[in-house]
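Below: one structure in structure tokens.
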Amino acid sequence: MDLDLAQRAVDYALNLGARYAEARIQNDWEHTFIVKNGNIEAGAITKYMGISIRVLVSGALGFTATNSQEWNAIRECIEESVRQAKASSKLMKKPIEFSQEKPIEKTCIIKPKKSFQSVDVSEKTEMLLDLDRIVRQQENKVKIPMRLFFLRELSTIKYYVNSDGTRYHSEIPRLSIYYYLTAMLNGDTEQYFQQLGESRGYEAMKEWKPTEIVENTSKMLVKVLTEAKPYPKGKLDFVLGPSVTGLIAHESCGHPYEADRILGREAAQAGESFVKPEMLGSKIGSEIVTVVEDPTLPNSFGFYLVDDEGVPARRRELIKNGLINEFLHNRATATTLNINSNGAARAEFYNREPLIRMANTYFEPGDYSLEELIEDIKIGIYMKNYTEWNIDDRRYNMKYVGCESYLIEGGEIKHLVRRPPLEITTPKFYEKVDAIGDDLAFEAAICGKGDPAQGVPVWIGGPHLRIRSVRVS
Amino acid sequence: MSHIAELIIDEALKCGADEVQTKIMSRKVNQVRFSNNEISAVLTLNEKTAQIYVAKDERALVAEIANLQENEIKSTIKSLISMAKSIKPHESYSPLPEGPFKYREIPDSYDPKIAELNEKTVELVEEAINAALQEGAKRSAGTLYAMEDEIILKTSRNVESSHKATSIILYVRSFVNGEISGQGVSCGRTLKNFNAGQAGVEAAQDAIASSKVVKLSPGKYETLLDYSAAAVLISLMAQMGNAFYVDSGLSCMIGKINEKVASEKVTIIDNPHTPDGLNTMPFDDEGNPTKPTTLIENGILKTYLHNRLTAKKYKTETTANAGIIHPRAWNINLMPGEPTKEEQIQEMKEGIIVKNMGYVRFTDYAAGDFSAVLRDGILYVKNGEIKGGIKGFRLADNYINILKGIQSLSREPRQIFHWWMETETPTITPTIKVTQINYTKPT
């Protein structure tokens, strides 16, 4: 399967009467190793390869996918898709159109410095078992009886062709570790999970230093269970750590600025947005806030250079100096709002339609050190990371519960507090940001969306930041 | 497809596997996505994939591949066997069961009318949209799936069987006044009980019932969980009762076998033979004939769901819920009660009806503390009458406390399976009345 087959599929769709057609051949390969409670649960190989074709016919959109490599089977899928798109066009009051985008020819191949194949499987499983041993070493009266570790090596190869003349080929490796720990003391439990991930080869493992990370997490859980006191109530200031601010940037800015949510296309699934098209340019919060969305960050987990509609990726500033600045678009939403796409269309596998997705979302750093953020607080909480979160489907009403969190009193960190909640509306949050840290850190995640559901790799990131005067009950 | 299964078994044994299992899955999907009363996209899928499990020297390895060409199959098996040399044995390795087995015929699993729907799916969506509009909704969105599946299972332990099934699933979300919404679901293996128009009507009715907003302070309230919300809650038992998740700390049922985990009114059965159940299946991934398993009986946790690996660890028998590596649930059934839903509402002095919820996130799986976002109808009830809709509430409580607080179950259960990821296991549930559930609201 290659660009020529993709071209053949596009040409055939056009011959059947499609006004526009695109074909994406995608080959996803994954090795996963799972260690649970000190034992190797399984080694797994996943290989998904197939072709998808999208067509615009009489103003309606058809998508078809198959993993058959036989031309007859692919041809039948295209015919079915065109037929069904025509049938659905009678229900269209307004035809779906794609924005005009300049055709490109591009290749993006990321060669790992250390390929996954060059590292023996036993070294990988021993690394996971080592992490497990390090966790156990932190036990005292606090036990950590449940320990789950995943190592995932991924490789995605894409060939993309569309009827505008775009041809794109990419090969991107990804490495990820995910772990979940449960600590217990006298019937009380505390849990923590974290994912590390980058778009490169096994060379990332050495730089991540997972043993240090897991050791620190284990020590943190032990301390939370043995030392954390109840959190104070009332009006408190918060300093939020990068893993919290990254999640907030993703959930309360990235998602509601996805134009398909804004225009209602995801209404029955992920939901809609409290943001409306006419709010572009209006103030959403403090002028010191800028939220960036950038697929082109080198090595990032959400990295890509051309999206799955053939549009080049670029940095997007969703919020700029406190103003709603830009939405995330695909070619259909861009047409609706009379602009060009900014390359936000992504699909997980060959058998999933491209949807508007984030890549790497983060608050731009400011110029405060952590000490400066804290020293100005009379009474507050330093929420370094989180254990629970959710947000409503309009992305308006959100909640984060701290895992490692501290009481701040008189400008100083005093002691650990247990599970303080930050439950706030999105506009209130952005209004209350009054200082942003000068650091920046990212965590990896898999972001889910769509129907059928699909997950894409992303980074979520931020510096420390401070918000003032939040009621905590 | 059976020749592919044979190739896999033969090749794996030739390469030195001690035992082999393969599951070849063929899936055809017709899907219609709609929003703003129009079709957003029509999607079709035609794929065949193979799961390959090999065990060698008590190492467990599995692959899932979508390229079923002979050279790719052989290469994958070679990689699995090679991996086996470099990993340690599974702590509770247990061989696959020795067949052959007799499997139960499951009626009403396959409806040729669903397999032949093709572009007629658009007409069903049109029916749902129009029904919602006629009932008073302003706009509707949703998804319709019509699917045809065929599975062939073969193992090196003399197990061979196949199963064909169809599914139809419609989810409708309707809006009045901007963001006020309601939802309707219709799903099953056949078209027998499927009603697209009724799903549209219910979505519109729920939205209209919520459109008059009333103010209410957060706190603890008597609650009726309507079908979709009840399904989200009860479907969590697919994870909470799963031995893999118990072992991983991702369950609040750890160490609670034979303990009270719910009100005595609660009996939950995982049933692979539920009529019209979307996960009805005669055999599990190991080839065991499937059977109903009572997870909770009159409030007492009776067992976890097991495959051969977890059963060995827990020194018990498999419950025929394999997953080749970890167990999985089939159709989660909460046994119904006596009153009608209307009677449940009439008895409420002051309370809340929750139509749907999602984004369930646990602070602590082991303790069961979680919160969920509510949508598609949160209604305030006073003296048995619905007074209006509530905005901005979040459910924040404890899973076992809610199960223990169940005071009544309605008499007519429904199958719910929809909405993205929140009800991943088909759940057949009545409406549930809980003594009190806690709600919070943001600053």
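Which residue out of A:223, A:206, A:219 is at pLDDT below 95, away from chain B (no Cβ under 14 Å), part of a helix (DSSP H, G or I) and surrounded by fewer than 20 Cβ atoms within 10 Å (Cβ to Cβ)?
Only one candidate passes the filter, namely A:206.
Here is a further query. Residue B:416 - would you say it is β-branched (Val, Ile, Thr) and either away from chain A (no Cβ under 14 Å) or open to solvent by less than 10 Å² (accessible area, probe 1.4 Å) (or both)?
Yes, satisfied.
All but one of (1) among the hydrophobic types (A, V, I, L, M, F, W, C); (2) surrounded by fewer than 21 Cβ atoms within 10 Å (Cβ to Cβ); (3) under 24 Å from the mean Cα position of the chain (by Cα) hold for residue A:460; which doesn't?
Checking residue A:460 against (1) among the hydrophobic types (A, V, I, L, M, F, W, C); (2) surrounded by fewer than 21 Cβ atoms within 10 Å (Cβ to Cβ); (3) under 24 Å from the mean Cα position of the chain (by Cα), the one that fails is (2).
Sticking with this structure for a sec: Mind telling me which of the residues B:114, B:106, B:129 ends up being open to solvent by less than 30 Å² (accessible area, probe 1.4 Å), among the hydrophobic types (A, V, I, L, M, F, W, C) and modelled with pLDDT under 95?
After ruling out the rest, the residue left standing is B:106.
Taking residue B:352, is it under 30 Å from residue B:306 (Cβ atoms) and of a type in the set (A, V, I, L, M)?
For residue B:352, the condition - under 30 Å from residue B:306 (Cβ atoms) and of a type in the set (A, V, I, L, M) - is not met.
Return the total of residues in segment B:279-319 being aliphatic (A, V, I, L, M) and either free of Cβ contacts under 8 Å to residues at least 40 places away in the same chain or in contact with a Leu (Cβ under 9 Å, 6 or more places away or on another chain) (or both).
Of the residues in that region, 4 qualify.
Further question on the same structure: Taking only segment A:130-147 into account, find how many residues are not in a helix (DSSP H, G or I) and not aliphatic (A, V, I, L, M).
Qualifying residue count for the region: 7.
Something else about it: Yes or no: segment B:63-78 includes at least one residue that is open to solvent by less than 10 Å² (accessible area, probe 1.4 Å) and out of contact with any strand residue (DSSP E or B) (no Cβ under 6 Å at 6 or more places or on another chain).
There is at least one residue in segment B:63-78 that is open to solvent by less than 10 Å² (accessible area, probe 1.4 Å) and out of contact with any strand residue (DSSP E or B) (no Cβ under 6 Å at 6 or more places or on another chain).
For segment A:148-168, check the following and say yes or no: at least one residue is within 14 Å of another protein chain (Cβ to nearest Cβ), surrounded by fewer than 19 Cβ atoms within 10 Å (Cβ to Cβ), in a strand (DSSP E or B) and touching a residue at least 40 places away in the same chain (Cβ under 8 Å).
Yes; the residues of segment A:148-168 include at least one that is within 14 Å of another protein chain (Cβ to nearest Cβ), surrounded by fewer than 19 Cβ atoms within 10 Å (Cβ to Cβ), in a strand (DSSP E or B) and touching a residue at least 40 places away in the same chain (Cβ under 8 Å).
Also: Can residue A:434 be described as open to solvent by 10 Å² or more (accessible area, probe 1.4 Å), in a strand (DSSP E or B) and more than 14 Å from every other protein chain (Cβ to nearest Cβ)?
Against the criterion (open to solvent by 10 Å² or more (accessible area, probe 1.4 Å), in a strand (DSSP E or B) and more than 14 Å from every other protein chain (Cβ to nearest Cβ)), residue A:434 qualifies.
How do the strands (runs of 3 or more DSSP E) wholly within segment A:1-116 filter down when requiring 2 or more residues that are within 14 Å of chain B (Cβ to nearest Cβ) and of a type in the set (Gly, Ala, Ser): which remain?
Qualifying strands (runs of 3 or more DSSP E): A:39-57, A:60-66.
Could you tell me which residue of segment B:359-384 is most open to solvent (accessible area, probe 1.4 Å), considering only residues that are touching a residue at least 24 places away in the same chain (Cβ under 8 Å), within 7 Å of chain A (Cβ to nearest Cβ) and among the hydroxyl-bearing types (Ser, Thr, Tyr)?
B:365
Okay, moving on. Which ranges mark the strands (runs of 3 or more DSSP E) fully within segment B:10-120 that have 1 or more residues being among the small types (Gly, Ala, Ser) and more than 8 Å from chain A (Cβ to nearest Cβ)?
Passing ranges, in order: B:19-35, B:38-56.
Considering A:116, A:149, which residue is within 25 Å of the chain's Cα centre (by Cα) and under 13 Å from residue A:211 (Cβ atoms)?
A:149
Applying the selection to segment B:162-191, what residues are in contact (Cβ under 8 Å) with a residue 24 or more places away in the chain, within 11 Å of chain A (Cβ to nearest Cβ) and over 21 Å from residue A:452 (Cβ atoms)?
Scanning segment B:162-191 gives B:174, B:175, B:181.
Kindly evaluate residue A:125 against the criterion of being under 30 Å from residue A:300 (Cβ atoms), at the interface with chain B (Cβ under 10 Å from one of its Cβ atoms) and buried (at least 20 other Cβ atoms within 10 Å of the Cβ).
Taking the combined requirement at face value, the residue satisfies it.
Out of (1) in contact (Cβ under 8 Å) with a residue 40 or more places away in the chain; (2) crowded, with 24+ Cβ neighbours inside 10 Å; (3) assigned to a strand (DSSP E or B), what's the single condition that is false for residue B:151?
Just one mismatch for residue B:151, condition (2).
Name every residue in segment B:421-434 that is part of a strand (DSSP E or B) and open to solvent by 10 Å² or more (accessible area, probe 1.4 Å), in order of residue number.
If the condition is that a residue be part of a strand (DSSP E or B) and open to solvent by 10 Å² or more (accessible area, probe 1.4 Å), then B:428 is the only one that fits.
Name the residues in segment B:382-420 that are closer than 23 Å to residue A:424 by Cβ and not in a strand (DSSP E or B), would you?
B:390, B:391, B:392, B:393
Pick from A:357, A:394, A:418: which is facing chain B (nearest Cβ under 9 Å), more than 13 Å from residue A:238 (Cα to Cα) and among the basic types (Lys, Arg)?
A:394
Related question: Take the residues of segment B:223-249 that are more than 24 Å from residue B:409 (Cα to Cα) and of a type in the set (Ser, Thr, Tyr): which is least open to solvent (accessible area, probe 1.4 Å)?
Result: B:248.
Is there a residue being outside any helix (DSSP H, G or I), open to solvent by 30 Å² or more (accessible area, probe 1.4 Å) and of a type in the set (S, T, N, Q) anywhere in segment B:274-285?
Within segment B:274-285, one or more residues are outside any helix (DSSP H, G or I), open to solvent by 30 Å² or more (accessible area, probe 1.4 Å) and of a type in the set (S, T, N, Q).
Also, I was wondering about something else. Give segment A:437-473 a look and list any residue that's more than 10 Å from chain B (Cβ to nearest Cβ) and farther than 25 Å from residue A:371 by Cβ, or say none.
A:444, A:445, A:446, A:447, A:454, A:456, A:457, A:458, A:459
Only one of A:13, A:44, A:23 is over 29 Å from the mean Cα position of the chain (by Cα) and among the small types (Gly, Ala, Ser). Can you tell me which?
Exactly one residue qualifies, and that residue is A:13.
Being under 30 Å from residue A:393 (Cβ atoms) and at pLDDT 95 or above is true for just one of B:144, B:153. Which residue is that?
On inspection, the qualifying residue turns out to be B:144.
The values are calculated or read from the model by the stated rules, or taken from the named source; none is laboratory data. Not measured: the values here are computed from a predicted model. Backbone-built Cβ (ideal geometry, glycine too); neighbour counts: all protein chains shown. SASA here: full protein model, heavy atoms, side chains in, ligands and nucleic acids out. Shrake-Rupley method; radii C 1.70, N 1.55, O 1.52, S 1.80 Å.
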